[in-house]
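Dropping a structure here in structure tokens format, bear with me for questions.
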């Protein structure tokens, strides 16, 4: 059974190039504002356009309302 490798959190052309040279077939882009590897949608589009060696880019995005709900829940647990 063949294995496909995805590297998540690519945030620069150099990182994407290194992942591709190491054999990754997929690249992940983070669109989550609290992630240290967060990209704007514009930066993500530019990076995806530059990297042709990776077949597919996966994206991770947390919807703002879902994230707000999680933060409220975490605050309530902390206060309890």
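Any residue at all in segment 17-31 that is under 29 Å from residue 71 (Cβ atoms) and surrounded by fewer than 18 Cβ atoms within 10 Å (Cβ to Cβ)?
Let us first name the residues in segment 17-31 that are under 29 Å from residue 71 (Cβ atoms), namely 27-31.
Restricting the remaining residues to those that are surrounded by fewer than 18 Cβ atoms within 10 Å (Cβ to Cβ) gives 31.
Checked segment 17-31: at least one residue is under 29 Å from residue 71 (Cβ atoms) and surrounded by fewer than 18 Cβ atoms within 10 Å (Cβ to Cβ).
Further question: Filter segment 23-53 down to the residues that are over 14 Å from the mean Cα position of the chain (by Cα) and farther than 16 Å from residue 13 by Cβ, then identify the one that is modelled with the lowest pLDDT.
My answer is 25.
Looking only at segment 54-80, filter to residues that are in a loop (DSSP other than H, G, I, E, B) and at pLDDT below 65; which one of those is surrounded by the fewest Cβ atoms within 10 Å (Cβ to Cβ)? Walk me through how you get there before you give the answer.
Of the residues in segment 54-80, the ones in a loop (DSSP other than H, G, I, E, B) are 54-55, 62-63, 80.
From what's left, at pLDDT below 65: 54-55, 62-63.
Numbers: 54: 21, 55: 12, 62: 15, 63: 8.
Only one residue fits best here, namely 63.
Just checking, does segment 1-12 include any residue being out of contact with any strand residue (DSSP E or B) (no Cβ under 8 Å at 6 or more places or on another chain), at pLDDT 85 or above and not in a strand (DSSP E or B)?
The initial filter retains those residues of segment 1-12 that are out of contact with any strand residue (DSSP E or B) (no Cβ under 8 Å at 6 or more places or on another chain), namely 1-3, 12.
Cutting the leftovers down to at pLDDT 85 or above gives us 12.
Applying the additional criterion that residues be not in a strand (DSSP E or B) yields 12.
For segment 1-12, residues out of contact with any strand residue (DSSP E or B) (no Cβ under 8 Å at 6 or more places or on another chain), at pLDDT 85 or above and not in a strand (DSSP E or B): present.
The values are calculated or read from the model by the stated rules, or taken from the named source; none is laboratory data. Remember, it's a predicted structure, so these values are computed and weren't measured experimentally. Neighbour counts run over all protein chains shown; Cβ positions are idealised from the backbone, glycine included.
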